[in-house]
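To keep things clear, I will list the structure first and then write my remarks on it.
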């Protein structure tokens, strides 16, 4: 079976997914939609796909699944529309910036018995997958404490900051999902500190650029997250998991691994400077997992629910910063 | 000038300091006191020193300085006695487990214009010193965020736990001092989480064995600390300092740096498994710095004040765990 | 312009090149030939190409270039045939195991003014390219000494050994080419030692499985090569270049870069265990360079001449092992 | 039992040994001799020893052992004198630059049944010892191939070059000993290349500054050695041993292990820049092993014989460079 795809949104991340679909033998890209006709056309041409409107894709009987890469504020509506049409849905995170809206959307998905996968790409990074596998294999015993270092090479444009929902919902949300993926127990308490150290304008926009967060589960497991919108040496993405019998860590990835030694010391080049090159394999693996779930009829993971919980943690972190209190996450009846 | 030392306490850490004094050309060990006569005698013999009582050392005119390595609950009293006698004092941390008692003691030291140095040995580790020097040299611009990983190979004996003052005053206090040493700005807010994951008895004794702490300064600088009483792979002591123009990190130290590669992968031996071997150079440098301060008449560092502030942060961390709130440190009028 | 390819040989390495052609926007795979019809058909189907005989490809006017992946003893004949037809030729190393035959073949290529590129894929590895670039950029001053470590995970099948031409012409030939690529001066002297330490049958077949080689140029630059048919920890491919002002090194590549620490130490997984995964990017870059040379009309590199010189060094190494003498390479009038 | 030492030669290396003796509880430094009275006096004062002439030390009944750190051309004579007196002897390498003279000297030592240990300090480096131990423990199976990288930070003074006996007898001799220590089988064949790349004057003095050497044993084990008198990044001392079941490597040592990351990449400080700091522990362990052998009555290692064989390999390497042939080492009847 070949999964036939419609791609909604032909921007930066849309191109990444088009490439992943194009090079996957179990999938074909049938149609591309984008508000900018030229963008849609270029991408469609490259992959021998049609240009269609979102409405047309919704009606198309030759499309099994959609990948939603449109602006965030359209995600929930599109998910609902395509869920009702019985299409399998892969949606870039977040579903929405508002927990209530996400909850409503997920109930539509549930009623329609639709497949919805959320784009937490890092779970599919080969190194982080290997780390999770080491935990599953018992290599470190019981997980006790996690440290996640997640720093962007530089801040996004100011207009993006304005509509991003803030650092916790935009950036840390990936780390919250990773924490859940590795802790295998829900965080119950959140303490967060955040400040503006990199760019004053970010503060004027009501956001932060530097944050430290502690998550704690009911059984006392802890996860430390360190975020910054600045890392001069590249895209800093590291994870350490400490357990009762050992520790497993995933180091940073480098595009080139040479080292030059001279009188000033030993120097290795900077890290990847962009999330797309850093997570190139992750994006391909992510779409492959989605295709596999669609083909096999097995559940998708991470699910809409995973998207929702990560968002709730993000909101709790923001609340903790403001209230200067540890926030207890509401128990969820799923 | 040779600084003539009296050593109070001939236990484990007393021996370390005796060795540091013995191998320093600017110092001589004149007398050793210990409640256990055999311990005092053995150490005295090894360094060709006298065995004297604490009282006798207090009276001795041939002694310029004392090193206090007796049990914690005697520290403040001894500091006061020797301060009044005009001896220079090096005291192992902590001065006392009670902030009020420390404050009182420091006021005696101040009145006596005595020199009091507190044993935060890690400041003198060559790698951490180099890290601080890199900061001072401007290698990373303005300090923004620090991550300190500090894990013991295994928990101390239960009876030690009982009189230790708890993980924050016993273990994290070193990290609090290190944070201050590197931030160069006082922490103003503390959030802490702590739990019992390693050894239930530690919990029954009212203490924790696993802790995560965030410190934040007035200007928004942040420091993350990760503590555990368990690290199967050895004594885990790492620091990363992120700044506006770069990052500087100090890696773990290994007693032997070979690597074996075979079908199972590449394996390096574990880290040092004991703080004394890990910080061997630090202890020697620490005493050397004390001797230098005594000889030159310059101020000692870290001071009694540094000991007090680290203790106050420890108390705030404990309060944060209990109250589930971020604790604001009292402004101090020094 | 799109370069239209015929692929001769649909075996293991043929598939690698088919994939590289297939994913290159400047190329299309038009036809595949293989003595085994099923192999040709499978590969042709996957890339929507025709199955044709070699003769038919030779006659085809819709084919600009061929990639020769057939058995070694057919290479020289095929190069001559396609050179005379005016096709651009990419040929896997070696052109032939016999220097005289290679010389003859290259003279045909020259007369036909044909483009012939030889498959020394390692020049196109991103890490080794970066190393060469560092040298070109002057990062280490004048190149003085090179160390190449090149160890296979395990020996090839015995029947392959028999027709391989021996370790120097089969395995070290890549290192000889790399030495030339980095030295930028021709080796003039060769000393080699070789023995059978891994597999006695290899010795019975007249070959060696372990070799150490020194190359020296006219100006005294030296290159050390260490070869083994065994490396339990994976495909060991490292290069160090020492110069007057520094050193540049390319480390091994790992499929997964996690590390597990426990009471036995710190363990990273083994290296890649197969040349195709290790040099995946190199193969893609290699074909891209060939396509670029064909499209732009610029010279190909590495050339047939490069293939010949590496073969001559291999023969000299074998002679050195047998004669227990340093062998002086004949000066070549090109 | 305390071993009572006389130290012959109070220069740079003499001070190192004095310190090692001074800090060893099983030894005392009784007397120091040096042609320069001030040097002898300074060292004697620091360790509360006497200044005596070499003749006086030879006559002294309160001296059990001597450490010979005088110029090379005096070594053999002094060894013979003190051997006849029944003193245990530790002599810095080499015994003499001439094989015949060494052979003669060793026969005197043998007749006198004296203890003679030769100063191949690297055997006692904790990292290289651990590497040897890993081999002995069977961690890598049978040893097959060794790579030794040994580069000095910079060339020694020209007048030293002149009396050094040449790079092979002065510098590589340490690597030849290390090869023997790790191969546990005698080298039988030597091929060497050497050139002048660092400093023309070294060439004018008849010596080389850059050398590559292959050793091969009777069973085909191979050892590659890479030497240079220049390494801009510090004192480069690495060893890799490949065996049938794995590989063990000892990495370089660094005085400070911090790393700074910024837009230019990740930089670690240079290596040790001096053999004395690099091999500080090795020197202490070496003297401790000598003291242990003297005290226990067990044989010393490395022995005078070890010194002789390393010198013979050095001579063979020089011959190989000149003759452009692999040199077969003479079988020795010991």
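Values quoted throughout were computed directly from the atomic coordinates according to the rules given, and no laboratory measurement underlies them. Being a predicted model, the structure only gives us computed values, none of them experimental. Neighbour counts are summed over all protein chains in view; Cβ atoms, including those assigned to glycine, are modelled from backbone coordinates with ideal geometry.
Set against the 2.2 N^0.38 Å expectation for a compact globular protein, the protein assembly as shown has a Cα radius of gyration ratio of 1.04. Measuring from each Cβ of chain C to the axis carrying C onto B, the nearest residue and its distance in whole Å come out as C:267, 2. Using only the C-alpha atoms, the convex hull of chain C corresponds to 157 Å³ per residue. The calculated FRET efficiency for residue C:329 paired with residue D:36, based on their beta-carbon distance and R0 = 45 Å, is about 0.25.
Distance between Cα centroids, region C:189-230 to region A:149-182: provide it in whole Å. The two parts, judged by their Cα centres, are 53 Å apart.
To make sure I understand, if each residue's beta carbon is the centre and we count other beta carbons within 10 Å, what order do A:106, B:188, C:131 fall in, fewest to most? All intermediate terms of the calculation are to be shown ahead of the outcome.
Details: A:106 22, B:188 18, C:131 26.
By the 10 Å Cβ count, ascending, the order reads B:188, A:106, C:131.
Across A:260, A:63, A:54, mean-square fluctuation computed from a Gaussian network of chain A (C-alpha pairs under 10 Å connected) peaks at A:260. Comparing C:191, C:147, C:296 in a Gaussian network model of chain C (Cα springs below 10 Å), the most mobile by mean-square fluctuation is C:296. In degrees between 0 and 90, to the nearest 10, how far off the longest principal axis of chain A does helix A:72-84 point, with axes built from Cα atoms? Computed tilt is about 50 degrees. The length gained by stretching the chain between residue B:301 and residue B:2 to full extension, at 0.36 nm per residue less their Cα-Cα distance, is 105.7 nm. Figure legend: label point modelled 7 angstrom from the Cα of residue D:245 along Cα→Cβ; residues of region D:114-133 with amide N under 18 Å from it are D:131-133.
Nearest 5 percent is fine: what portion of the DSSP beta bridges confined to the protein assembly as shown is antiparallel? Please report the intermediate quantities before stating the final value.
Values: 157 of 265 bridges.
Expressed as a percentage, antiparallel bridges in the protein assembly as shown total about 60.
Just to be sure I understand: if I project the alpha-carbon convex hull of region B:84-153 onto a plane and average over all orientations, what area do I get in nm²? Before the final figure, lay out the partial values.
Details: hull surface 29.7 nm².
Quarter of the Cα hull surface area: 7.4 nm².
Between this copy and the others, label points of residue D:99 are 3.3, 7.8, 8.5 nm apart in ascending order, each placed 7 angstrom from Cα in the Cβ direction. In the elastic network of chain A, a GNM with C-alpha springs shorter than 10 Å, the most mobile of A:259, A:186, A:216 is A:259. For region D:38-133, the alpha carbon positions stretch 39, 33, 23 Å along the principal axes, listed from largest to smallest.
State the antiparallel share, in %, of DSSP beta bridges confined to chain D, rounding to the nearest 5.
Approximately 55 percent, going by the DSSP bridge assignments.
Using a simple spin-label model with pseudo-atoms 7 Å out from Cα toward Cβ, residue A:46 and residue D:103 lie 7.6 nm apart. Across region D:1-91, the fraction of Cα-Cα pairs farther apart than 23 Å, rounded to a whole number, is 11%. Across chain D, Cα pairs under 8 Å and at least six residues apart give a relative contact order of 20 percent. Sorted from closest to farthest, the other copies place their residue C:71 label points 6.5, 7.0, 8.7 nm away, with each point set 7 Å from Cα along Cα→Cβ. How far, in degrees from 0 to 90, does helix A:37-46 lean away from the longest principal axis of the Cα atoms of chain A, to the nearest 10? Value to nearest ten degrees: 90. Rounded to 0.05, the FRET efficiency of the residue D:113 and residue D:274 pair, given R0 = 25 Å and the Cβ-Cβ distance, is 0.10. Quick one: helix D:12-22 against the long Cα principal axis of chain D, what's the angle to the nearest 10°, folded into 0 to 90? Its long axis makes an angle of about 60 degrees. As a calculated quantity, the FRET efficiency between residue B:159 and residue B:292 at R0 = 30 Å, using C-beta atoms, amounts to about 0.20. Projected onto planes of every orientation and averaged, the convex hull of the alpha-carbon atoms in region A:195-334 covers 13.6 nm². Label point of residue C:85 (7 Å along Cα→beta-carbon): distances to the other copies' equivalent points are 4.8, 8.9, 10.1 nm, sorted ascending. Based on Cα atoms of region A:146-225, Rg over Rh with Rh as the Kirkwood radius reads 1.01.
Label zone of residue D:263 (point 7 Å out along Cα→Cβ, amide N under 20 Å): in region A:143-171 this covers A:151-158.
Full extension of the chain between residue A:77 and residue A:218 gives 47.3 nm of extra length, using 0.36 nm per residue less the Cα-Cα distance. Look at B:164, D:244 and count the other Cβ atoms within 10 Å of each Cβ; fewest to most, that gives D:244, B:164.
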